[in-house]
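The values are calculated or read from the model by the stated rules, or taken from the named source; none is laboratory data. Because the structure is predicted, anything quoted here is derived from the model rather than measured. Here the Cβ positions follow ideal geometry from the backbone for every residue, glycine too, while neighbour counts run over all protein chains shown.
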Amino acid sequence: MKNLHTLTYSNKKILLPILNDLKMHIEIKENPFELHAEELFQMAARINKKRSFLFVSRLLGKHIPIKPQLGLWTGFALAARYEELKIDSLSAKREELLDCYHHSIANFQDAPFIRKETADPVIIGFAETATALGHSFYKGFQHASFFHTTRELVEGMESIISFEEEHSHATSHRCYIDVSMLDNTREVILVDDELTTGKTAINIIKDIQGKFPRKEYTIVSILDWRSKENDQKLKQLEQELKINIRIVSLLKGEFSLEGALQIEDIQQETNPLITDNVETEFISLDDFTENSQLPYYSRTLAGKENPGYYLGDTGRFGLLSSENHWMDKAADYLAKKRLGTQTLCIGTGEFMYIPMKIASLMGQGVSYQSSTRSPIYPHNENHYGAKTAIHFLNPEDEHIDHYLYNIPSYAYDDIFIFFERKVEEDKLQLLLAKLKETGVKKINVVHCSGR
């Protein structure tokens, strides 16, 4: 068996085209599971003055449709790598996980494997992209606590910690949890999809340490692109706060950007299909989620109250147990409503894990992805990470732009789009109209909380 410290290769250099003259130079320095970089991400041009590019994950189920089991697997792969660095030995889960990845990801089972004796952490997933990743990572632990940050404004609740994600399209993070979740000395694990500078992690560590000091932190991400300079900033933070920070990733390297790209706005979708016979069904999961519904209300950016109960099982308000048997029953119920053999399940914004988990239980031929706030320039080339784009206003807060990428024409027989709370039908019309143009036979709008 290979030694833990030999499971890396260095100085593998890759040149990736992005768009027009924009290119990305990458040097891979660590690859502990020896995965192919091109299977982990594609590049795209981001419409953001702070950052013009995006590593589009092929594992998350955000911008690119995936088998939902792959999204769950990714959290477990990171958990196994965390275990290896924690115990300084190979994880007993390693070979099983790699066999699933290379042969039949549909057979993946997300049963916890990291014992309490090894770790009993508080796990925090970063909104919006890593809410499902953090949740699936959490599922790998036999004993842990979990919550994810949120961009939501929740009526009557105060965030116990807050921080900024400086390069993001939506920067403010809030944490609506009971203070007891952090008022302890347990290890805190921060989960994000990628590290580019590490500033977001530094911001939240400073906030936590100032209010709830402890000795140990871990930062987990699929990709770690921090430069030597940024790596040194984390080391300085360790010395300044007298803490230990562990870094866990599936791929570590450095990148440099070549060229420039000026983009004013997203191009609209082209060649919409004329579809007059697409069926729409509105489905409530109230009978399954009644015990999970929480009487909190959101506020829109305009300050208006947005009625509808949140779900406790998302992790937005903290989880101490990963039991969620209602999702199995809901998946069986929804699977009976499928048409044909190819189905797309869509999560919305931060509401990613529950739709992904349900999708993983709905049978063969199911793909999963989520809407996002990130504006990306669409371009139809094989190497590019956003071949098509659908732009719409978030039905739950019409002051926020949302996007769906990479839904090709006639790829799916039906679509299930999941909302945490019930949404008024008139606010769904633009989104439904654009989804109908993809050539599906039926669209199912699933409300997990209908109150």
Across region 412-450, what is the number of residues that are within 24 Å of the chain's Cα centre (by Cα) and in a helix (DSSP H, G or I)?
-> 5
Residue that is surrounded by the most Cβ atoms within 10 Å (Cβ to Cβ) [pool: residues in region 185-199 that are assigned to a strand (DSSP E or B) and of a type outside the set (V, I, T)] | D192
Pairs where the first residue, in region 226-238, is over 22 Å from P213 (Cα atoms) and without any contact (Cβ under 8 Å) to a residue 40 or more places away in the chain and the second is part of a helix (DSSP H, G or I) and among the aliphatic types (A, V, I, L, M), C-beta under 8 Å, 6+ apart = R226/L234
Of the residues in region 396-416, how many are more than 24 Å from R46 (Cβ to Cβ) and either acidic (D, E) or buried (at least 16 other Cβ atoms within 10 Å of the Cβ) (or both)?
-> 5
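From S321, S284, S292, grab the single residue that is surrounded by fewer than 21 Cβ atoms within 10 Å (Cβ to Cβ), over 23 Å from the mean Cα position of the chain (by Cα), farther than 26 Å from Y403 by Cβ and of a type in the set (G, A, S). Don't jump to the end; show me each part of the working.
On the way: S321 fails: over 23 Å from the mean Cα position of the chain (by Cα); S292 fails: over 23 Å from the mean Cα position of the chain (by Cα).
Of S321, S284, S292, the one residue that is surrounded by fewer than 21 Cβ atoms within 10 Å (Cβ to Cβ), over 23 Å from the mean Cα position of the chain (by Cα), farther than 26 Å from Y403 by Cβ and of a type in the set (G, A, S) is S284.
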Would you point out the residue of region 201-257, among those that are among the acidic types (D, E) and under 18 Å from S57 (Cα atoms), that is surrounded by the fewest Cβ atoms within 10 Å (Cβ to Cβ)?
-> E254
Scanning for something part of a helix (DSSP H, G or I), over 30 Å from R51 (Cα atoms), of a type in the set (G, A, S) and touching a residue at least 24 places away in the same chain (Cβ under 8 Å), does region 337-357 turn up at least one residue?
-> no
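Checking the conditions here, which among I177, I160, I204 is modelled with pLDDT under 95, in contact with a helix residue (DSSP H, G or I) (Cβ under 7 Å, 6 or more places away or on another chain) and outside any strand (DSSP E or B)?
Answer to the check: I160.
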Go through (1) at pLDDT 85 or above; (2) assigned to a loop (DSSP other than H, G, I, E, B); (3) under 23 Å from the mean Cα position of the chain (by Cα) one by one and return the number of the condition N277 breaks.
-> (3)
Exactly one of L60, L70, L16 is in contact with a Gly (Cβ under 8 Å, 6 or more places away or on another chain) and either more than 18 Å from V220 (Cα to Cα) or not in a helix (DSSP H, G or I) (or both), and that one is L60
Given the conditions (1) closer than 24 Å to F76 by Cβ; (2) modelled with pLDDT of 85 or more, and given that F255 satisfies all but one, which numbered condition is not satisfied?
-> (1)
Criterion: modelled with pLDDT under 95, part of a helix (DSSP H, G or I) and either buried (at least 23 other Cβ atoms within 10 Å of the Cβ) or not β-branched (V, I, T) (or both) - qualifying residue of E84, E96, E38, E128 | E38
